[in-house]
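The values are calculated or read from the model by the stated rules, or taken from the named source; none is laboratory data. Computed from a predicted model, the values in this text were never measured in an experiment. Ideal geometry is used to build each Cβ from the backbone, glycine not excepted, and the neighbour counts take in all protein chains shown. Protein only, heavy atoms only, side chains kept; ligands, DNA and RNA dropped before computing areas. Shrake-Rupley method; radii C 1.70, N 1.55, O 1.52, S 1.80 Å.
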Amino acid sequence: MGLLCYSLCQMDVDYCLAWATADIGPHVVELRLDDLIFDADDIRYFMSNRGGCPVVATYRVKDPSEVDTLDLQPDDDQPEESDVDMAVRLLSCAIIAGADYIDIDMDFPRGELRWLMNLALNYGCQVILSYHNAYGTDSTETLAAIATKIFSMGADIAKIVTTAHHASEASRVLALYEHFHPSSLIAFAMGKEGEQSRYDAFYKGAPLMYAAPRRRLPTAAGQPLFFDFLSDGQTHCWGDVEPPCAKSIAIRAIVAAALTDGVTVLENVTLSDDILDAIEVAKQLYAVVRFDAHNSTLTVTGHQDIRRKGLLVKENILDVGASGLLCRICIPLAALSRQMVMVTGRGRLMQRKFRTECPELKRHGVFVDFSLGHLPAFVMGPLKGGVYNIASAASSQFVTGLMMALPLAGCGDVSLRIRDAACLRHIRITADIVTRMGIRLDDVTAVEGKSVTYKFSGDGQAYRPGRMEIENDWFAAALWLVLGVIAGESGVDNMRGNSLQEESFILDILDTAGADVEKFTDPEMESLGDSIGYHSAFRSLLAAFECDLTFCPDLLGPVMLLALRSEGASKIHGIKALGGVENLFVQEFFRLGADIIIDGDALLVTGSFGNTLHGGRASSHGDHHLAMTLLAAAKICDGGLSIDDVDCIDRSWPDFPLK
């Protein structure tokens, strides 16, 4: 029986090394030097660090007749290097560096072919000479004559690859195994009708069977995938999910709808605990709220006339429940009232320290008084116009509250300057919602690129009721896709590709690590600007990666899981954007045996394809993101994992499938 050969293309040297050194059983890697991000130094580096993995160095020349003479010496006066020259240079480098095989087309220019074959002979490298027919399949007799010619040219292995349009054509290729020794012949057909012939050739004794590392990177039609050869224990299907709505978007929209004087319909709403808290705040603002469970629509009928009456608040109390976002929105909103308003909450929110949010409100004359920095807070307006300078330490959630409140204040022109905004996308989500509901904003991004200024009139604008669809949550999608990539197979549906949610950055991180994730959309809808689609994820061999979560810190959990099953040491920057919560993640994963080191504002996480965590006990610390991450981590533990307080997940995903 031969070996699986993973054909690597469109990758850098580090990712190729991950494939060579991974503990995935005996295998070969094929370096498609015509389609890799490699130079000669990369080839030498790869060959000296590949361990014991056999290597096939392949170069498919686009135009074999481009150069007819052998010229191995560089010439500064020569025009750009031809494809054949490059093939000779890179294949020669691979042979000298220790490649086990080279794969060359049989019609490669004769002078160059003789050079490479003699070099291979001197360095103990076997030669595969290939014939490819991308259009059809010749008769078995013709194919046998081609194979005979290949052997007469001095090849160690003949590779005969055709294209099958029906099963009988694939059979013609496989019949070659009756004429030649199987260990020196690789013969199969490409295309859908030829898929089975790849397996049949392997079972007949072909030395290699080619496979693609992931769906997006096949080097030939009909190539099987790495995933296809994994054991049942490595390919558990976690199923398809439609994530809940993005609660941060829904909360903003519900509060804005409550500030109108009219009926707003919000579509695709999930009744998580935080959204239920937002509904209660809307009712405290005299809105009438009705939920249609059948259609997942929330109808909010607002009764506010802020320009004439100020903000009306029942009993002058805004109870935000356990939602930090609601709290930071409601503090500036409370200053729109003509009465003193108490902002309060429950649970851990009452223990949270509010240090950096309110100095700018106080500077503009708003009375804000906390109880030793904790809730409840007492707020008395009015809001005033002018320039609001928000430091980078301030929460983007508090900026959201200012952005939602200031246009309604009737206080003249306002400039809201956010310096070094760590969560710029969250702020842009707010800007998107308020403008869709009738507020006029002018977004001016500063030269340094991380700061932003919003200029708008605070002359008493008003929110306009209407209809809005709430998109699905990208943190939930990120966690579910990562689960598939590290532990089997998964899918998420109805996700917006051009989302402002920071967590959609997970798609870039997955791609960098080499994850087998693919998106499917309706081409007709996409042409109309609708990028909503279905994403599927398969268990993948991942390379160590480096990423920066400064602008998307909530992705820490899924990215840590990804790193734990990537080959080597991954570096995750920007963890301090979580404001200390990162220590809880590190504490719990360290307890489970993860190889994690804190390095300033970064985490170093060392993993491997088959890496497992210990079982035992873990705590969510009441953090819904940590709770979901730990439940996903349990699927790569070698023992049971008991997690306390998983009910906090109801804050964002009440029907979380792993709970």
More than 17 Å apart: what percent of Cα pairs in region 574-647 qualify? 43
For D595, residues with placed amide H under 5 Å, excluding near neighbours: T606
In whole percent, the fraction of accessible protein surface over region 260-330 that belongs to carbon or sulfur atoms, probe radius 1.4 Å, stands at 47
In region 483-583, carbon and sulfur make up what percent of the accessible area (probe 1.4 Å)? 50
For the pair A221 and R352, what calculated FRET efficiency results from E = 1/(1 + (r/R0)^6), where r is the Cβ-Cβ distance and R0 = 51 Å, to the nearest 0.05? 0.35
Going by amide H atoms built from the backbone, whose H comes under 5 Å of the H on A544, apart from near neighbours? E567
Could you work out how much longer the chain between Q196 and D23 gets when fully extended? Use 0.36 nm per residue separation minus the Cα distance between them, nm to one decimal. 59.6 nm
Modelled FRET efficiency - R0 30 Å, R308 with S531, Cβ distances, 0.05 increments: 0.10
The answer for the net charge of residues other than V492 whose Cβ lies under 9 angstrom from its Cβ, with Lys and Arg +1 and Asp and Glu -1, is -3
Using the heavy atoms of the protein chains alone and a 1.4 angstrom probe, what is the accessible area of region 281-421 per residue in square angstrom? 42
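Under the rule of -39500 (n - 2.57) per DSSP H run of 4 or more residues, summed and divided by the residues of the chain, what mean residue ellipticity at 222 nm is obtained, to the nearest 500 deg cm²/dmol?
So the calculated ellipticity at 222 nm is -9000 deg cm²/dmol.
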Students often forget the sequence filter, so: which lysines lie under 17 Å Cα-Cα from K309 once same-chain residues fewer than 8 apart are removed? K384
Over 32 Å between Cα atoms, which of K247/K362; K519/K571; K62/K519; K62/K571 qualify? K62/K571
Lys and Arg at +1, Asp and Glu at -1: neighbours of A594 with Cβ under 12 Å from its Cβ sum to 0
When a/c is below 1.5 the answer is rounded, else prolate if a/b is larger than b/c, else oblate, so apply that to region 422-517 with a ≥ b ≥ c taken from the square roots of the Cα gyration tensor eigenvalues. oblate
Percent antiparallel among DSSP beta bridges (both partners in region 444-577, rounded to 5): 75
Which peptide among 326-334, 429-437, 579-587, 339-347 comes first, and what is the full order, when sorted by highest mean count of other Cβ atoms within 10 Å? 326-334, 429-437, 339-347, 579-587
For region 8-59: accessible area per residue (Å², 1.4 Å): 37
If packing is taken as the average number of other Cβ atoms within 10 Å across a peptide's residues, how do 407-413, 48-54, 240-246, 494-500 rank, most packed first? 240-246, 407-413, 494-500, 48-54
Per its Cα gyration tensor (rounded if a/c is under 1.5, else prolate when a/b beats b/c, else oblate), region 1-62 is best filed as oblate
Which percentage, to the nearest 5, of the DSSP beta bridges contained in the chain is antiparallel? 50
Can you bin region 305-396 into rounded, prolate or oblate? Criterion: square roots of the alpha carbon gyration tensor eigenvalues sorted a ≥ b ≥ c, rounded for a/c under 1.5, prolate for a/b above b/c, oblate for the rest. oblate
Gain on full stretching of the segment that runs from V288 to N49 - 0.36 nm per residue minus C-alpha separation: 79.4 nm
Proximal charge balance of R32 [Cβ under 11 Å; K/R count +1, D/E count -1]: -3
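How do the peptides 620-626, 128-134 rank, highest first, by the average count of neighbouring beta carbon atoms within 10 Å per residue?
Values: 620-626: 21.7, 128-134: 18.9.
The most tightly packed comes first, giving 620-626, 128-134.
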Heavy-atom accessible area of region 77-190 with neighbours in place, 1.4 angstrom probe: carbon+sulfur share in percent works out to 53
Contour minus Cα-Cα distance for R440 and T521 (0.36 nm per residue): 25.9 nm
Given contacts defined as C-alpha pairs under 8 Å and at least six residues apart, what's the relative contact order of the chain, whole-number percent? 10
